[in-house]
Amino acid sequence: MPNIHNEQLLLEGEILFEYFNDVYFFKKDTDLNFVGCNGNFVKLVGLESTADIKGRNDYDFFPTHLADRYRQDDIRVMKSGEHLVNRIEINSTENEVRWFQTTKVPLYDGENRILGVAGFARDMKRTKGSMLKFDHLQPALDHIEEHLTEQLEIEFLSKICHMSISQFERKFKSAMLMTPMAYIIKLRLDAASRNLLESKTSILEIAHRYGFYDNSHFTRQFRKEFKLTPRDFRKANASKNEAED
């Protein structure tokens with residue numbers, strides 16, 4: 001992929017992002033502070049204008065575990081020079097699961113020196129036509145979301161989508177870029193992470209609530225997703241919240 005080395009060309013191109021109501025565009029410097037964005041991104045993070053974004057970073061707007069993930073991707077893109085293209089990201093809240101298709105590229109000046117990273121995320125529920133490939137999976141996606149703390153069987157999920165198990169697993173992986181079980185685990189870990197941050201419920205109880213049969217199993221899966229154990233995750237975020245207060 002060619003390097004983006006003309007800053008003025010990028011600035012002119014940014015105007016185009018104002019005409020897509022499903023696109024959140026952003027640009028960061030090498031310190032991963034925002035230096036630009038489009039109007040949709042301004043609304044997403046609750047600011048008044050694009051000028052207000054400058055000098056802020058992901059931790060000002062997003063939960064720590066999400067900010068950590070975004071910044072890890074940014075650093076990897078800048079260091080490797082590789083483009084992250086159309087990766088599906090799942091952000092779940094207590095009331096909703098949202099899918100974003102994210103692309104990030106490194107930015108260079110005319111002498112091939114790194115300037116930062118630019119990217120955009122498309123809200124797939126708002127993108128016309130983008131959800132068509134999910135239509136045949138919607139019964140399963142809805143059931144998973146509504147019964148996340150209950151036992152979920154792939155056989156049942158495939159049945160409510162009127163598919164064989166093999167057909168369901170193949171179509172699910174093609175659409176979501178992960179297996180049905182990996183998707184379920186990801187949603188459960190996201191929900192568990194919110195519980196760790198928002199409650200004083202014991203780690204073992206949270207593990208059992210979201211279908212992890214013992215604490216060691218939960219810890220292994222959690223560390224794989226968030227790079228921290230549940231205990232360290234809770235402690236690190238508690239420390240950050242106390243520092244902000």
Exercise for review: Give, in nm to one decimal, the length gained when the segment between L66 and R223 is fully stretched (0.36 nm per residue of separation minus the Cα-Cα distance).
Suggested key: 55.1 nm
**Study point:** Gaussian network model of the chain, springs between alpha carbon atoms under 10 Å - residue of I165, I144, I88 with greatest fluctuation
**Key:** I165
Exercise for review: Using only Cα atoms, tell me the angle between helix 230-244 and the longest principal axis of the chain; keep it within 0 to 90° and round to the nearest 10.
Suggested key: 40 degrees
Check your understanding: Which parts of segment 198-215 would a label at K235 reach, counting a residue when its backbone N lies under 19 Å from a point 7 Å out along Cα-to-Cβ?
Key -> 198-207, 215
**Study point:** Most positive-pole-ward Cα, F120, L141, S199, against dipole of segment 90-203 from beta carbon charges
**Key:** F120
Review point. In Å, what Rg and Dmax follow from the Cα atoms of segment 7-123?
Key: 13.7, 47
Point to revise | Estimated FRET transfer efficiency (T149, H83; beta-carbon r; R0 51 Å; 0.05) | key: 0.85
Exercise for review: Please return the longest stretch of the chain lacking exposed loop sites, where trypsin sites (Lys or Arg not before Pro) count only if DSSP places them in a loop and at most 13 other Cβ atoms lie within 10 Å.
Suggested key: 129-199
Review point. If the limit is 28 Å between Cα atoms, which of K54/K104; K27/K125; K28/K173; K200/K224; K125/K235; K171/K224 go over it?
Key: K28/K173; K125/K235
**Study point:** For segment 132-244, alpha-carbon Rg relative to the globular expectation (2.2 N^0.38 Å, N residues)
**Key:** 1.21
Check your understanding: Using helices alone, what [θ] at 222 nm do you get for the chain, with -39,500 (n - 2.57) per DSSP H run of 4 or more residues, divided over all residues and rounded to the nearest 500?
Key -> -14000 deg cm²/dmol
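Every read-out reported here was derived from the displayed coordinates using simple, explicitly stated rules and does not represent laboratory data. Computed from a predicted structure; not experimentally measured. Methodologically, a virtual Cβ is constructed for each residue, glycine included, from the backbone with ideal geometry; neighbour enumeration extends over all protein chains shown.
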